[in-house]
Each structure stands twice: as structure tokens, then as C-alpha cells.
1. Identify the single condition in (1) of a type in the set (A, V, I, L, M, F, W, C); (2) open to solvent by 20 Å² or more (accessible area, probe 1.4 Å); (3) under 30 Å from residue 463 (Cβ atoms); (4) in contact with a Leu (Cβ under 9 Å, 6 or more places away or on another chain) that residue 256 does not satisfy, given that it satisfies every other one.
2. Within the stretch 67-104, take every residue that is over 16 Å from the mean Cα position of the chain (by Cα) and part of a strand (DSSP E or B) and give me the one that is nearest to residue 237 (Cα to Cα).
3. Can you find a residue that is charged (D, E, K, R), out of contact with any Ser or Thr (no Cβ under 8 Å at 6 or more places or on another chain) and surrounded by 18 or more Cβ atoms within 10 Å (Cβ to Cβ) anywhere in the stretch 27-44?
4. Closer than 25 Å to residue 22 by Cα and of a type in the set (Phe, Trp, Tyr): does that describe residue 272?
5. Restricting attention to the stretch 365-393, which residues are touching a Gly at 6+ places or on another chain (Cβ under 6 Å) and either free of Cβ contacts under 8 Å to residues at least 40 places away in the same chain or part of a loop (DSSP other than H, G, I, E, B) (or both)?
6. Would you point out the residue of the stretch 454-475, among those that are part of a strand (DSSP E or B) and open to solvent by 40 Å² or more (accessible area, probe 1.4 Å), that is modelled with the lowest pLDDT?
7. Counting only residues that are of a type in the set (Val, Ile, Thr) and in a helix (DSSP H, G or I), which one in the stretch 1-26 is surrounded by the most Cβ atoms within 10 Å (Cβ to Cβ)?
8. Condition first: farther than 24 Å from residue 229 by Cα, touching a Ser or Thr at 6+ places or on another chain (Cβ under 9 Å) and not in a helix (DSSP H, G or I). Can you find one or more residues in the stretch 128-147 that meet it?
Amino acid sequence: MNLGKNDANFVPLSPLSFIEKTKDVYPNYASVIYGDKTYTWLETYNRCLKFASALERHGIGLGDTVSIIAANTPEIFETHYSVPMTGAVLNTINTRLEADTIAYILDHGDAKVFIVDTQFSPSVKEALAKLKKEILVIDIVDPNANLQEGQGERLGKYTYDEFLEKGDSDYQVKKPADEWQAITLNYTSGTTGRPKGVVYHHRGAYLMSMGSVIAWNMPNHLRYLYTVPMFHCNGWCYPWTIAALAGTIVCCRYVVAKDIYDLIADHEVTHFGGAPIVLNMIANAPDNEKRKFDHKVYAMTAGAPPPSAILEKMEGLGFEVLHVYGLTETFGHVLHCAWNQEWDELPVAEKAEIKARQGVRYPMMDAIDVLDPLTFEPVPRDGATMGEIMIRGNAIMKGYYKDKEETEKAFENGWFHSGDLAVMHPDGYIQIKDRAKDVIISGGENISSVEVENVLARHPAVSLVAVVAKPDEKWGETPCAFVELNRGYEKTTATELIDFCRQHMAGFKRPKFIIFGELPKTSTGKIQKFELRKRAKEV
């Protein structure tokens with residue numbers, strides 16, 4: 001049939017539509033709670049309009065970049081609407097980055113405005129001094145910030161609220177004419193060089209938000225505790241998802257166990273997300289930091305597979321954990337360990353093992369498979385043969401900003417290449433075994449660092465563990481484990497842990513070295529294995 005698109009039957013998809021609908025239908029429902037402040041959806045919408053208007057008056061428009069470095073506060077949430085309302089692109093910057101990388105991102109990303117939480121003024125001030133261009137700086141002055149010496153300096157011409165008041169609440173939103181239009185710019189961690197700029201589009205942001213609702217079975221008017229940094233994959237796109245559901249965001253500036261328990265209990269939080277390290281912190285918090293609550297809390301975790309021991313503890317505390325998987329390039333999580341009722345009667349330990357899988361694709365994704373990276377053929381569904389996770393679907397980046405070569409490499413043969421090695425189970429559930437760069441090759445044998453980590457994590461003394469390759473003259477590489485111990489187990493020895501491994505894995509997989517101490521982590525809770533590789537070489 002020769003029927004075409006028209007204004008009646010085709011409107012470009014954009015998550016900006018979510019807040020418009022919610023402020024009309026539920027104007028007086030709480031949108032954001034932070035400290036002693038509570039905003040309604042109508043108030044939030046009007047604040048976004050005024051900030052967008054002020055940006056446009058400053059000359060910000062289609063395709064311009066507005067950067068922000070901030071903790072999880074109402075301001076960073078609002079920029080997920082106000083910036084794209086002008087047609088501009090939002091660039092959220094990792095709060096833990098050093099000045100040189102911040103300056104690189106501002107320059108490479110072509111930022112014209114920089115919104116800065118004054119807690120991060122020391123690194124930002126140094127970064128601005130490195131820039132060779134003028135940029136408008138706007139300060140977020142947060143009375144809830146616990147400022148340390150040297151922090152809190154005003155670097156901008158205006159505070160956030162002063163700048164907002166320069167705009168009008170009758171601003172006309174510049175909706176995208178093309179749903180492929182860029183909405184945000186997110187930079188990768190840059191562990192192997194300069195970070196790459198990942199460009200998101202309105203279509204992907206809209207569909208990721210809808211996919212999350214279905215995959216996690218999220219209800220209307222839920223209360224979501226924001227422990228995931230909103231700078232990370234735009235907070236897994238939940239600033240848009242929560243608006244679609246007319247839910248309430250409870251901001252958590254500092255991710256510590258006491259605050260998490262207090263906010264859950266005080267605000268009847270129903271959902272939150274975080275890396276396995278966050279679950280570990282919650283599960284192992286001292287009793288004086290815990291609070292009881294009489295409702296179930298749904299937790300989503302992403303990153304390295306959470307140890308089964310942590311999943312067991314979380315279930316016992318009243319949390320139901322869903323394990324997901326994704327990358328910056330995929331707008332966040334695109335695999336989830338969808339639960340089957342037939343597993344309900346399994347022993348707790350077996351259920352935890354299943355929950356540690358990454359699972360099956362989100363509904364907005366076309367295909368996610370484990371393929372041989374040379375032939376692009378699916379690996380056998382035997383739970384043992386490793387291949388690379390490759391992805392197709394509507395929540396894939398446009399590409400890397402100003403990097404055609406890396407973009408083409410990432411999309412070779414019509415698939416997005418994740419760089420993650422995994423197996424496919426007979427039931428179609430994917431389970432990561434390692435990052436391609438994290439596989440340890442010892443005497444010609446491939447050793448999964450994740451497998452070794454999961455065994456060590458079952459020991460009661462182990463709080464956190466990461467395993468990396470240590471160069472070895474005889475074997476090429478051998479496993480080296482870095483371990484944080486639980487309270488009360490400070491006298492645990494390396495020999496004791498190696499003996500524990502001997503009972504649960506083949507000899508060639510056992511770590512030859514175990515080093516105790518705090519593990520280096522990113523602001524999203526991921527363990528920085530590249531730092532541990534450096535340390536392993538020195539042992």
C-alpha cells in the first residue's frame with residue numbers, strides 16, 4: 001500500500017513528551033524530593049521551561065552542548081529536560097574525573113555552557129584554566145553538600161537559580177523535527193586512552209525508558225531512590241522513565257548505607273539501582289546504620305555479576321534484586337535476568353546463581369546474541385563456549401562524537417561489538433564470563449577472572465574481590481586477586497583463601513597471589529581493574 005507519513009500519524013519520538021503529559025495529568029504529585037525540598041511535576045516542568053528559556057537567551061540552540069558536573073540533586077535532573085527543550089545536547093560529566101580529562105571533555109564536546117556543583121570546584125577551576133575558550137559557568141550552590149577544605153568556591157557568573165530566573169515559564173519547547181536528533185553526549189571511562197563521546201538520540205532515550213518499564217514491571221507512581229549517578233548513562237535514562245510513570249525521584253547525594261536506609265524508610269522508596277558494590281554496602285552495613293521497613297524494595301544492579309552470597313543477603317533483608325547488563329553505548333541496560341516462576345522453589349543458593357546471569361534482551365532491542373567474533377556465527381547454547389556479546393536495536397548510540405574510525409569498528413558487520421565475552425545457556429540466557437581485555441591466559445589456558453571472583457566471594461571473609469592478570473615468566477600470566485575483607489575477618493590469610501579456591505576450582509585457575517586492601521573504584525562503583533593491573537605488575 002502506498003500510504004505515507006503525515007502530521008496525524010507520525011510524530012518523532014522524544015522523552016520530552018513524558019513530562020508534558022505528567023504535568024497535565026498529575027500536576028500536584030511529587031516529582032523530586034531532596035532534603036527538605038519537595039517539588040511537584042508542574043513546578044519541575046515550569047522550572048525546566050524557565051531554564052531552557054534562559055539558555056536560549058544566552059544563545060544556546062540546536063546542536064549546542066551544555067555540560068554539567070553535579071551530584072544527584074534536582075538541578076541535574078532538570079537539565080535532562082531543560083537542555084533538550086532548546087534543541088541542545090546535554091553532556092553530564094563524571095564527578096570523580098581529574099582536571100585534565102574534564103578540560104578534554106569540555107573542549108572535545110564543544111561545550112558552550114558549564115553547570116558546576118561547587119563541591120567540585122577544585123578540579124573544575126583547574127580544568128577551566130586549561131581551556132583555550134570562553135565558557136559560561138553557572139554554579140549549583142547546595143546547602144546539603146558536605147564541603148571539604150578547598151571546595152565550594154563560586155566559579156560562575158550566576159547561581160543556578162539566578163540563571164533560571166532570567167527565563168520565562170511560557171517558553172515554547174523546541175521539539176525535535178527528527179527523532180534521530182542528538183539528545184545527550186556521554187563520555188566513556190577512558191581506561192585505555194582518552195574517553196570517547198557517545199551520542200544518544202531522542203528515539204533511543206524514549207524507547208529505553210519504555211523498555212525499562214516493561215522489563216522491570218515498573219508501576220505508576222513508584223518512588224525511585226537515585227543512587228545511580230545521573231551522569232552515568234543519564235542515570236540509566238530514568239530521569240525520563242520516572243516522568244513517564246508520574247513517579248517520584250528521591251535524590252541521594254551521598255551513597256552511604258545509613259542514608260540509603262533512612263531514605264527508603266522515611267519516603268517509602270519502592271525501587272533503586274546501583275552497582276554490586278552498593279548492594280554489598282547495604283547487605284554488610286552495621287546494625288546501627290540499618291532501618292527496618294515493612295514493604296518490599298526492588299533493586300536493580302548492573303556491572304560485574306553480583307556474588308551469589310550478596311544476592312542471598314539482600315533477599316533476606318527484604319530486597320528483590322534484578323540483575324541487568326548494558327554499556328554506555330546502549331543507553332544503559334539492555335539485558336535483564338527475567339525471572340521464571342518455575343525457579344521459585346529452588347534453594348536460595350541456586351536461585352542466586354541464576355540471578356547472577358545477565359539474561360535476555362530488553363523489549364526495545366531487536367537482537368542480542370553471543371557470536372564468534374571471527375565468523376559472526378552464534379556459539380553453541382551449551383553454557384560453556386565463549387563468544388562476544390553483540391547487539392542490534394533501537395537503544396544503540398548514533399556513534400562516537402568526532403571519531404568515525406572507532407564508530408565504524410564498533411558497528412562492524414551490522415552489530416554493535418560490546419567487547420564482553422559470554423556464554424549462551426540452553427534456555428537462551430546470556431552469562432558474561434569476562435571483558436575481552438580481562439581474560440587471563442595462563443600457559444595457553446583461558447581463565448575467566450569473573451569465575452575466580454565468584455568463588456572467592458563465597459568465602460565469608462571476603463567483602464569485595466577483583467582478579468586480574470599478573471605477568472609470569474613461566475606461564476605468561478597468572479591470576480592475582482585483590483581482596484577487601486569483612487569486619488571481624490582481618491586476620492584472614494592469603495593461604496586460607498587459596499586453600500578455599502583449591503576446593504572449588506581447577507588448579508590452573510587458582511590465584512597465585514592475594515593482596516589485601518581497599519579496591520580502587522569509579523564513582524559508579526565499578527572496580528578499576530586497570531589500576532589493579534598496574535599494582536599486580538609491582539608485586
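1. (4)
2. Going through the stretch 67-104, the residues over 16 Å from the mean Cα position of the chain (by Cα) turn out to be 67-68, 73-75, 78-79, 81-90, 98-104.
Checking which are part of a strand (DSSP E or B) leaves us with 67-68, 89-90.
On the way: 67: 17, 68: 16, 89: 15, 90: 13 Å.
Going through the qualifying residues, I end up with 90.
3. Checked the stretch 27-44: no residue is charged (D, E, K, R), out of contact with any Ser or Thr (no Cβ under 8 Å at 6 or more places or on another chain) and surrounded by 18 or more Cβ atoms within 10 Å (Cβ to Cβ).
4. yes
5. The answer is 366, 372, 379.
6. From the stretch 454-475, those part of a strand (DSSP E or B) are 462-472; that's our starting set.
From what is left, the residues that are open to solvent by 40 Å² or more (accessible area, probe 1.4 Å) are 471-472.
On the way: 471: 86, 472: 81.
Per the stated criteria, the residue is 472.
7. Here is the first cut: in the stretch 1-26, the ones of a type in the set (Val, Ile, Thr) are 11, 19, 22, 25.
Subset that is in a helix (DSSP H, G or I): 19, 22, 25.
Values: 19: 25, 22: 23, 25: 10.
The extreme case among them is 19.
8. So far as the stretch 128-147 goes, yes, one or more of its residues are farther than 24 Å from residue 229 by Cα, touching a Ser or Thr at 6+ places or on another chain (Cβ under 9 Å) and not in a helix (DSSP H, G or I).
The values are calculated or read from the model by the stated rules, or taken from the named source; none is laboratory data. As the structure is a computational prediction, the values presented were derived from the model and not from experiment. So basically every Cβ, Gly included, is an ideal-geometry build from the backbone, and we count neighbours across all protein chains shown. What goes into the accessible areas is simple: the full protein's heavy atoms, side chains included, and nothing from ligands, DNA or RNA. Shrake-Rupley method; radii C 1.70, N 1.55, O 1.52, S 1.80 Å.
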